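Structure record follows, encoded as structure tokens.
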Amino acid sequence: MKTSKLFCFGHRGACGHAPENTLRSVRKALELGADGIEVDVHLVNGRLIVIHDDTLNRTTNGTGPVAEKSLDYLRLLDAGQGEHIPVLEEVFDLVNRRAIVNVELKGPETAAAVVQLVAEYVKTKGWRFEDFLVSSFDHAQIQTIKKLIPEIRTGVLVDKIPPDLAAYAEQLGAWSIHPNKRCVTPDLVAEAHRRRLKVFVFTINQPAEIAAMCRLGVDGVFTDYPVLIVTFNRAQDNIHP
Ligand code: G3P
Ligand code: MG
């Protein structure tokens, strides 16, 4: 019998349990059994910094725009519970292929640096391109990724559904679409699947939402609480052994 498991991306690591986008958060997501780890990146002096906002104020004890700081300054900040702001390779090394890493390009002009780092991990560290998924609301950056290395999987993030999203994502060469939960519909899921695109929805933190996403037939979700999805999937196993 068909089971309806949801691929579980830990959002900003497991940010319901630990300070977002820190190594502690990534470790927690892995411990809880997440299938994928989502983190956000900005570029600072050629280095990929793992942080969501373009300013430091909300998530660290620093202030001001991330892009205006030196790497040394950023590395001394507290990103919560004594955690530092990671660089992206620290996340890759911690995950060590135990989950997919979904790098969300948050900062401008992060695409080329991410491509370079992914290529290095594939070439020298035994990773495969399928171990990564690069997504962004900035679709020009998605195009840049595909131009540089077509084998890298990309995801098109959207807060509102434009007409023909699935066709548009296919044209961009995307592997998946990542819609906000407010705008996912049965038609969108069907059209995406017809075009062989995966559908991963953000951000799903309530049991009722999890069941609704399962009924819609989406492929997976982003969650602050990976334990909820892992538990849901186990229950599905029991219903459909
Ligand atoms: O990638 C899914 C989700 O992270 C997108 O929104 O603002 O949490 O980065 P945000
Ligand atoms: Mg994100």
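The values are calculated or read from the model by the stated rules, or taken from the named source; none is laboratory data. Quick caveat, the model's predicted, so the values are computed rather than measured. No Cβ is skipped: glycine too gets one built from the backbone with ideal geometry, and neighbour counts run over all protein chains shown. With ligands, DNA and RNA removed, areas are computed over all heavy atoms of the protein, side chains included. Shrake-Rupley method; radii C 1.70, N 1.55, O 1.52, S 1.80 Å.
Against the conditions (1) hydrophobic (A, V, I, L, M, F, W, C); (2) part of a helix (DSSP H, G or I); (3) open to solvent by less than 60 Å² (accessible area, probe 1.4 Å), where does Val156 fall short? Just the number, please.
Single failed check for Val156: (2).
Between Ile177, Ile161, Ile204, which is assigned to a strand (DSSP E or B) and more than 20 Å from Val91 (Cβ to Cβ)?
Numbers: Ile161 fails: assigned to a strand (DSSP E or B); Ile204 fails: assigned to a strand (DSSP E or B).
Only one candidate qualifies: Ile177.
Considering only residues of the range 30-71 that are open to solvent by less than 10 Å² (accessible area, probe 1.4 Å) and not hydrophobic (A, V, I, L, M, F, W, C), which is nearest to Val95 (Cα to Cα)?
Among those that are open to solvent by less than 10 Å² (accessible area, probe 1.4 Å) and not hydrophobic (A, V, I, L, M, F, W, C), it is Gly36.
Working only within the range 120-151, note down all residues that are more than 24 Å from Leu197 (Cβ to Cβ) and either of a type in the set (Phe, Trp, Tyr) or surrounded by 14 or more Cβ atoms within 10 Å (Cβ to Cβ) (or both).
Narrowing the range 120-151 to residues more than 24 Å from Leu197 (Cβ to Cβ): 120-121, 123-126.
The one that is more than 24 Å from Leu197 (Cβ to Cβ) and either of a type in the set (Phe, Trp, Tyr) or surrounded by 14 or more Cβ atoms within 10 Å (Cβ to Cβ) (or both): Tyr121.
Might you let me know whether the range 101-109 holds any residue that is within 16 Å of ligand 1 (Cβ to nearest atom), over 20 Å from Glu31 (Cα atoms), modelled with pLDDT of 95 or more and charged (D, E, K, R)?
yes
For the range 95-106, enumerate the residues that are surrounded by fewer than 20 Cβ atoms within 10 Å (Cβ to Cβ) and not basic (Lys, Arg).
Listed by number, the residues that qualify are Asn96, Ile100.
Any idea which residue in the range 215-241 is nearest to His11 (Cα to Cα), counting only those that are modelled with pLDDT under 95 and part of a helix (DSSP H, G or I)? Even if it seems obvious, please write down each step before you answer.
Of the range 215-241, the ones modelled with pLDDT under 95 are 234-241.
Next, from what is left, pick out any that are part of a helix (DSSP H, G or I): 234-239.
Details: Arg234: 20, Ala235: 22, Gln236: 22, Asp237: 24, Asn238: 26, Ile239: 27 Å.
Looking at the filtered set, the residue picked out is Arg234.
Among Leu133, Leu157, Leu117, Leu197, which is the only one that is over 29 Å from Asn233 (Cβ atoms) and of a type in the set (A, V, I, L, M, F, W, C)? If you could, list the steps in order and put the result at the bottom.
Values: Leu133 fails: over 29 Å from Asn233 (Cβ atoms); Leu157 fails: over 29 Å from Asn233 (Cβ atoms); Leu197 fails: over 29 Å from Asn233 (Cβ atoms).
Matching residue, one of Leu133, Leu157, Leu117, Leu197: Leu117.
Provide a single number: the residues in the range 10-42 that are within 12 Å of ligand 2 (Cβ to nearest atom), over 19 Å from Arg75 (Cα atoms) and touching a helix residue (DSSP H, G or I) at 6+ places or on another chain (Cβ under 8 Å).
3
Report, ordered by the first and then the second residue, all pairs with beta carbons closer than 9 Å, sequence separation of six or more or different chains, a first member in the range 176-200 that is acidic (Asp, Glu), and a second member that is assigned to a loop (DSSP other than H, G, I, E, B) and surrounded by fewer than 18 Cβ atoms within 10 Å (Cβ to Cβ).
Glu191/Asp164
When only residues in the range 124-169 that are free of Cβ contacts under 8 Å to residues at least 24 places away in the same chain, touching a helix residue (DSSP H, G or I) at 6+ places or on another chain (Cβ under 7 Å) and not basic (Lys, Arg) count, which is farthest from ligand 2 (Cβ to nearest atom)?
Among them, the one singled out is Glu151.
Could you check Arg24 against (1) more than 26 Å from Phe232 (Cα to Cα); (2) open to solvent by 40 Å² or more (accessible area, probe 1.4 Å) and say which number it fails?
All conditions are met except number (1).
Tally up the residues in the range 24-49 that are assigned to a loop (DSSP other than H, G, I, E, B), more than 14 Å from ligand 1 (Cβ to nearest atom) and either farther than 15 Å from Val118 by Cα or in contact with a Phe, Trp or Tyr (Cβ under 7 Å, 6 or more places away or on another chain) (or both), please.
We begin by selecting, within the range 24-49, every residue assigned to a loop (DSSP other than H, G, I, E, B); these are 32-35, 45-46.
Filter again for more than 14 Å from ligand 1 (Cβ to nearest atom), leaving 32-33, 35, 45-46.
From what's left, either farther than 15 Å from Val118 by Cα or in contact with a Phe, Trp or Tyr (Cβ under 7 Å, 6 or more places away or on another chain) (or both): 32-33, 35, 45.
Of the residues in that region, 4 qualify.
Hey, can you tell me all the residues within the range 185-201 that are of a type outside the set (Ser, Thr, Tyr), outside any helix (DSSP H, G or I) and surrounded by fewer than 21 Cβ atoms within 10 Å (Cβ to Cβ)?
Hits for the range 185-201 are Arg195, Arg196, Lys198.
Leu172 - would you say it is open to solvent by less than 70 Å² (accessible area, probe 1.4 Å) and in contact (Cβ under 8 Å) with a residue 12 or more places away in the chain?
Criteria met by Leu172.
Checking Glu130 against (1) in contact with a strand residue (DSSP E or B) (Cβ under 9 Å, 6 or more places away or on another chain); (2) within 15 Å of ligand 1 (Cβ to nearest atom), only one condition comes out false. Which one?
(2)
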